[in-house]
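Report on the structure given below.
The values are calculated or read from the model by the stated rules, or taken from the named source; none is laboratory data. The structure presented is a predicted model; accordingly, all values stated were derived computationally and were not measured. Cβ coordinates were reconstructed from backbone atoms using ideal geometry, including for glycine residues, and neighbour counts include every protein chain displayed.
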Amino acid sequence: MMELSSDFIKENEQFLKSCILYEVLQKKSIFKAYKNFCDTVGEDAMNYPDFEFWFHRFYHGCRDFNYDLSADQEPKTIVDERVVSMYYILYEVLQKKPIFDSYRNYCDTVGTDAMEYREFEFWYYRFYQGSRDFDFDRSADPEPKTIMDMPAKLMLKIVENLDPVERIFLRSMNHAIKTVADSFPPVFEKIEISVSNTSLQWKLNNQSFLCFKKGGGCEMYKPNSSRATKSEKCYMEKGIEHLALVLKMCNFQVNHFSLTLFHEVLNRDDFLSVPIKAKSAFILGQTMNKVVQFLSTIIPGHLESISLDGLYLIKREHYSMLFETDQFKQAKSVNFPRSMEFNVEDLVNFSHLETFKCHLKSENAFRDVPRIRDILTTFEILESCELDYHGIDGDYPIVEFAVILGEEIPIGLLAEGEHLTITHRYQIPESNECLEFKIIDKGYEFLVNIAKLR
């Protein structure tokens, strides 16, 4: 950056007054404004009394740069606003801020429609390189290049190296660029959505978005920005509007899809109006009806793993709603919440699963433990399962469970942090495979981890 001569600063009163006005428009205190002014143009550019005079004059709305302090005269209008805008940009350059930060501050100070970025960029770099020709005629400038003038191969290469989140913004530019962006199937590692009665939050890979209720409208935060965008729309309407940019992308896929519903009023068709192609899904809801509604938007067959949580209002008669879905029937792994309590008879619904985790209640251990073993031996594709097991009165009969399987109970003290663990292997009749039971007493729960060994 070429240094600006001190003579230009000291002798150009219009520039100095423009700098003061710019500080006023940023709503800084006079002491903070004067410090920034001195740091930028030099302590000897203007003494504090003169700075104070012009600061308060501009603060109270008078924009007469030519006011003569020695004469009592009527206020005049401000000098050429175009020139003053140039002074603002020069002032930003002198503060040695990056161009994007300078343009953001300029727009926040004088208005987002005061100057397009392209125009600001021209003058910023012109001043940065030492030019002080504020009257430079740009009418003879060649027509600026746009992204559409870029060779097709180069555009494809750039888009190829963008992540799915970055391609979202390209799709909203114009039809041609949208076509290029859509030529690369968007595959997200994770999409996490959380809904409450005051906010809608979502995360695309590691990029977080937040839209929350504010008065009669909402405020929205986007990644890499500490400033909120205000809207008169409802937070749900505004949030869904932005989420739709992702969910309606051509051939979009996601490895892990997560939906947390603290607000049950949400309508599925308004929220997820297109099928979701996900490998694994986590859904937290209050009722089975709502959970099944949203689970049904995920394409069965492609969905391999299901994890559920919440369901605090569930009843046993609601379990069949889940079992009847194609998503459950074609899944490979299911993790049930503790609120869903199963009996031994319910295990037959899991015969198609490779892995599962559930809360199992037994009324009679001597009857049910052999039944659990015998039922699981018939599951041809079972790899492993975890049973959070307890008795009829909520007790954890680990000793009883182990004795029924024919195992002895270890005697002796356990090391600090060690859990009582009993291992049992059962040879599956007419097979080279066996089931390995690891019975673990954690004090607050009794787990039975079962794995098929081949």
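From 352, 359, 390, grab the single residue that is at pLDDT 95 or above and either of a type in the set (Ser, Thr, Tyr) or surrounded by fewer than 19 Cβ atoms within 10 Å (Cβ to Cβ) (or both).
Details: 359 fails: at pLDDT 95 or above; 390 fails: at pLDDT 95 or above.
Going through 352, 359, 390 in turn, the sole match is 352.
For region 371-383, check the following and say yes or no: at least one residue is free of Cβ contacts under 8 Å to residues at least 12 places away in the same chain, under 17 Å from residue 338 (Cα atoms) and acidic (Asp, Glu).
no
Suppose the filter is more than 43 Å from the chain's Cα centre (by Cα), within 28 Å of residue 329 (Cβ to Cβ) and crowded, with 17+ Cβ neighbours inside 10 Å; does residue 368 pass it?
Numbers: more than 43 Å from the chain's Cα centre (by Cα): yes; within 28 Å of residue 329 (Cβ to Cβ): yes; crowded, with 17+ Cβ neighbours inside 10 Å: yes.
Against the criterion (more than 43 Å from the chain's Cα centre (by Cα), within 28 Å of residue 329 (Cβ to Cβ) and crowded, with 17+ Cβ neighbours inside 10 Å), residue 368 qualifies.
What is the residue count in region 405-444 for residues that are among the β-branched types (Val, Ile, Thr) and surrounded by 14 or more Cβ atoms within 10 Å (Cβ to Cβ)?
So the answer is 5.
Test of understanding: among 10, 76, which residue is among the basic types (Lys, Arg) and either surrounded by 14 or more Cβ atoms within 10 Å (Cβ to Cβ) or modelled with pLDDT of 85 or more (or both)? Before the answer, list the steps.
Numbers: 76 fails: either surrounded by 14 or more Cβ atoms within 10 Å (Cβ to Cβ) or modelled with pLDDT of 85 or more (or both).
Residue meeting the stated conditions: 10.
Using the structure shown, decide if residue 295 is of a type in the set (A, V, I, L, M, F, W, C), more than 29 Å from residue 183 (Cα to Cα) and either buried (at least 17 other Cβ atoms within 10 Å of the Cβ) or free of Cβ contacts under 8 Å to residues at least 24 places away in the same chain (or both). It would help to see each step written out before you state the result.
Numbers: of a type in the set (A, V, I, L, M, F, W, C): yes; more than 29 Å from residue 183 (Cα to Cα): no; either buried (at least 17 other Cβ atoms within 10 Å of the Cβ) or free of Cβ contacts under 8 Å to residues at least 24 places away in the same chain (or both): yes.
No.
So which of 189, 116 is among the charged types (D, E, K, R) and within 30 Å of residue 250 (Cβ to Cβ)?
Values: 116 fails: within 30 Å of residue 250 (Cβ to Cβ).
Step by step, each of 189, 116 is checked, and only 189 is among the charged types (D, E, K, R) and within 30 Å of residue 250 (Cβ to Cβ).
Just the residues that are crowded, with 19+ Cβ neighbours inside 10 Å, under 26 Å from residue 313 (Cα atoms) and at pLDDT below 80, please, taken from region 239-281.
Matches in region 239-281: 266, 271, 272.
Restricting to region 230-254, give me the number of residues that are more than 22 Å from residue 190 (Cα to Cα), assigned to a helix (DSSP H, G or I) and in contact (Cβ under 8 Å) with a residue 12 or more places away in the chain.
Here is the first cut: in region 230-254, the residues more than 22 Å from residue 190 (Cα to Cα) are 230-235, 237.
With assigned to a helix (DSSP H, G or I) added as a condition, the list becomes 235, 237.
Within this subset, residues satisfying the condition of being in contact (Cβ under 8 Å) with a residue 12 or more places away in the chain are 235.
Residues that pass the stated criteria total 1.
The conditions are (1) free of Cβ contacts under 8 Å to residues at least 12 places away in the same chain; (2) assigned to a helix (DSSP H, G or I); (3) polar (S, T, N, Q), and residue 131 fails exactly one of them. Which is it?
(2)
So residue 85 fits all but one of (1) part of a helix (DSSP H, G or I); (2) modelled with pLDDT under 85; (3) touching a Phe, Trp or Tyr at 6+ places or on another chain (Cβ under 8 Å); (4) under 30 Å from residue 226 (Cα atoms); what number is the exception?
Residue 85 satisfies all of (1) part of a helix (DSSP H, G or I); (2) modelled with pLDDT under 85; (3) touching a Phe, Trp or Tyr at 6+ places or on another chain (Cβ under 8 Å); (4) under 30 Å from residue 226 (Cα atoms) except (3).
Which is surrounded by fewer than 16 Cβ atoms within 10 Å (Cβ to Cβ), at pLDDT below 95 and not assigned by TED's automatic domain parsing to the domain that holds residue 361, of 284, 313?
On the way: 284 fails: surrounded by fewer than 16 Cβ atoms within 10 Å (Cβ to Cβ).
Only one candidate qualifies: 313.
Suppose the filter is in the same structural domain as residue 454 (by TED's automatic domain parsing), under 26 Å from residue 306 (Cα atoms) and out of contact with any helix residue (DSSP H, G or I) (no Cβ under 8 Å at 6 or more places or on another chain); does residue 436 pass it? Walk me through how you get there before you give the answer.
Numbers: in the same structural domain as residue 454 (by TED's automatic domain parsing): yes; under 26 Å from residue 306 (Cα atoms): yes; out of contact with any helix residue (DSSP H, G or I) (no Cβ under 8 Å at 6 or more places or on another chain): yes.
Yes: the conditions hold for residue 436.
Could you grab me the full set of residues in region 9-40 that are among the β-branched types (Val, Ile, Thr) and either within 19 Å of residue 109 (Cα to Cα) or touching a Lys or Arg at 6+ places or on another chain (Cβ under 6 Å) (or both)?
Just the residues of region 9-40 that are among the β-branched types (Val, Ile, Thr), to begin with: 9, 20, 24, 30, 40.
Result: 20, 24, 30, 40.
Can you tell me how many residues in region 294-352 are in a loop (DSSP other than H, G, I, E, B) and among the aliphatic types (A, V, I, L, M)?
7
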